[in-house]
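Remarks on the structure that follows.
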Amino acid sequence: GNMDSMVNHYTSDRKRRSDDAYTPDAKSGKRPDRAVSVYCKKLREHWADVPLVIGGIEASLRRIAHYDYWSEDVHRSIVCETEADLLFFGNAERGIVELAHRLARGEAIHDIQDIRGSGFLREGVAEGWTVLDSTKLDTPGSLAKRPVNPYAMETERPCVGENTGAGKVVRMHVRRMTPDRDRTVIRLPSFEQVKSNKALYAHASRVFHLETNPGNARALVQQHGKRNVWLNPPPVPLEAGELDKLYELPYTRQPHPSYGNAKNPAWEMIRFSVNIMRGCFGGCTFCSITEHEGRIIQSRSEESIVREVETIRDTVPGFTGNISDLGGPTANMYRLKCKDPKIESSCRRLSCVYPGICSNLNTSHADLTKLYRRVRNISGIKRVFIASGLRYDIAVEDPEYVKELVTHHVGGYLKIAPEHTESGPLSKMMKPGMGTYERFRALFEKCSKEAGKEQYLIPYFISAHPGTTDEDMLQLALWLKRHNFRLDQVQAFLPTPLAIASAMYHTGKNPLRKVTKTSEDVASVKTPQQRRLHKALLRYHDPSNWPLLREALKAMGKAHLIGNGEKHLVPTWQPKSTQRGRNPKRGLPKAMNQTKSFARPARKHKPQKRKNPARV
Ligand code: SF4
């Protein structure tokens, strides 16, 4: 399916969701938790001898031993859980077609172990393979500074005693035999080891993510008990022509007929939208798109996209001339790629845009701008909106694109995701700093003004991300207040299987750097009370959060932020409707709850009118 069943069923606070966008009439509870495992068990009961092949998001993102947020435990690879014969991870069209042909030719499923993007259980390691222990490999140095040479994984430095002046230095080179990459497998620490040792879990996560570029990734193997889970390197990305064929298969663009007239929220959302590309090179650590689709952008041809828009216009019931989105995992990575395919296939960076935009990345949005112009000029098309998330740090590199976007494709509000304002959490998310946001905001406002449009940016933020302190959240709240933003929705960090940020959350280590027992620790927000506080700081304007915020501010020594002026975060008064005999200590993080200042009851003040209503 499109979504991990646990993410689908539970909120980031592990509460059961009341609806399900993928079910007719949004009814919840129609699918089991851990659906892949449950369905596989049933299938095995009924058809034990039929080859069982799993794939989709849930299988893909649970392909090695992984932290499961809902049970707060490390789970085995889903290949073990399901006893599937084969797992396909990522976009598996190539793999599925090859498998189908080989099965049709009579090959046994257990003999098919060489398809890229597949994983399976095996005893031992096949002959002819060199096994490298991951703990001997991981000396890549810091990712904090962008290497000038993208191949470089360690800062080049002079040898001890080397003459760095004008004198000539004679170097001695030892020629080392390097094993054939295509026949090399990296052994990750076993399931039993990563389950019991958090530093090894973080190390395994780091090595796993460094082996995701299809151009240079090696096979991975991880022992589970007496058996090995083997993962072949990721699939080779599709070319435009191949992607076009996929997207132009004769889909009905309708929900299944058995759903009748029921409303299907997920379908409603996408029925007038067009997917133009896939993959993402952003590398945000809380997101699993890269682990699934990879970092290399695969884009459709302009012709194919135009044909799909025309098909929507001519065949989809209810179409009124508005395309709701022309996008993908990211709105503006269409046809963006590394300038040199050789460099791209050797690159081992986790992001092309963090900590700064790589000098090898082509950031011209010319093809996307041309596509927008062409699509909105198709006969019968009134408006084309861009609803996918915009990567504003690359958009700002192409002012002509921003002008095009702002002038023609924003429906009053443009959602963007700085995710935080403070450098601590941003560095753990691998997101750009607020300087880039300000540059984009200035350009957005200038272009909106020139177009004669009143339009607003809606920034999105995450609370409780690993590496976020109470002080970071307070600074974010003050930033929101200064900029007069009042957020309706907030996202609290949800550790999804395999994401780097989930490894930080579980282990307290930072897999963005070499992991050792003494390497950098990352604090995570884990208690419900502290998570509630971080969320409350994002919604500082909500009176129901004020009692909690007042107590927290006092505990943090920031009581001067309580008051009724512009520079204060929360007022001293409380609207009557929110005074429900609340226990003032409820909801505070334990450490704060022990602070004496909470013993004092909150002073009551009369409500006062706000002088400056919020803009958004
Ligand atoms: S653009 Fe991306 S793939 Fe190319 S060298 Fe830079 S980081 Fe690597």
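The values are calculated or read from the model by the stated rules, or taken from the named source; none is laboratory data. In this text, all values refer to a predicted model and were calculated from it rather than measured experimentally. For neighbour counting, all protein chains shown are included, and Cβ atoms are generated from backbone atoms with ideal geometry for every residue, glycine included. What goes into the accessible areas is simple: the full protein's heavy atoms, side chains included, and nothing from ligands, DNA or RNA. Shrake-Rupley method; radii C 1.70, N 1.55, O 1.52, S 1.80 Å.
Data table
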{"quantity": "Cβ-based charge dipole, the stretch 336-403, positive-most Cα from 355, 395, 372", "calculated": "372"}
{"quantity": "Relative contact order %, the stretch 305-430, counting alpha carbon pairs below 8 Å whose residues are six or more apart", "calculated": "31 percent"}
{"quantity": "Value of relative contact order over the stretch 364-516, rounded to a whole percent, pairs C-alpha under 8 Å and six or more apart", "calculated": "21 percent"}
{"quantity": "Cα-centred dipole magnitude for the stretch 193-276, charges only on beta-carbon of K, R (+1) and D, E (-1), debye, nearest 20", "calculated": "620 debye"}
{"quantity": "Cα coordinate range in the stretch 407-527, projected on the principal axes (Å, largest first)", "calculated": "57, 25, 24"}
{"quantity": "Heavy-atom surface of the stretch 270-401, accessible at 1.4 Å and reported per residue (Å²)", "calculated": "37 Å²"}
{"quantity": "Long-range amide H partners of residue 68 with built H, under 5 Å", "calculated": "73, 74, 75"}
{"quantity": "Interchain or long-range residues, amide H under 5 Å from residue 186's placed H", "calculated": "132, 219, 220, 221"}
{"quantity": "Spin-label zone in the stretch 487-504 - amide nitrogen under 20 Å from a point set 7 Å from the Cα of residue 18 along the C-beta vector", "calculated": "488-492"}
{"quantity": "Net length gained if the chain between residue 33 and residue 566 were fully extended (0.36 nm per residue, minus Cα distance)", "calculated": "187.1 nm"}
{"quantity": "Mean separation of Cα contacts under 8 Å (6+ apart) over length of the stretch 488-570, as relative contact order %", "calculated": "18 percent"}
{"quantity": "CD proxy at 222 nm, helix term only [per DSSP H run n ≥ 4: -39500 (n - 2.57); per residue of the chain; nearest 500]", "calculated": "-8500 deg cm²/dmol"}
{"quantity": "The stretch 381-540, accessible surface, carbon-and-sulfur percent (1.4 angstrom probe)", "calculated": "49 percent"}
{"quantity": "The chain: antiparallel DSSP beta bridges as a percent of all, rounded to 5", "calculated": "45 percent"}
{"quantity": "DSSP bridge pairs, the stretch 245-399: antiparallel proportion in percent, nearest 5", "calculated": "40 percent"}
{"quantity": "Charge dipole of the chain about the Cα centre (unit charges at C-beta), most positive-ward option of 534, 319, 287", "calculated": "534"}
{"quantity": "Burial order of peptide ranges 212-221, 521-530 (average beta-carbon count within 10 Å, highest first)", "calculated": "212-221, 521-530"}
{"quantity": "From the C-alpha gyration tensor of the stretch 310-454, square roots of 5λ in Å", "calculated": "29, 20, 14"}
{"quantity": "Net charge dipole size for the chain [Lys, Arg +1 and Asp, Glu -1 on Cβ; Debye, nearest 20]", "calculated": "3180 debye"}
{"quantity": "Mean Cβ neighbour count within 10 Å, used as a protection proxy, ranking 411-420, 248-257, 562-571 highest first", "calculated": "411-420, 562-571, 248-257"}
{"quantity": "Highest average packing first - 502-512, 273-283, 13-23, 534-544, Cβ atoms within 10 Å", "calculated": "502-512, 273-283, 534-544, 13-23"}
{"quantity": "Three-way shape label, the stretch 1-49, alpha-carbon gyration tensor, a/c 1.5", "calculated": "prolate"}
{"quantity": "About the Cα centre, charge dipole magnitude for the stretch 339-422 (Lys/Arg +1, Asp/Glu -1 at Cβ), debye", "calculated": "440 debye"}
{"quantity": "Prolate/oblate/rounded label for the chain (Cα gyration tensor, a/c 1.5)", "calculated": "rounded"}
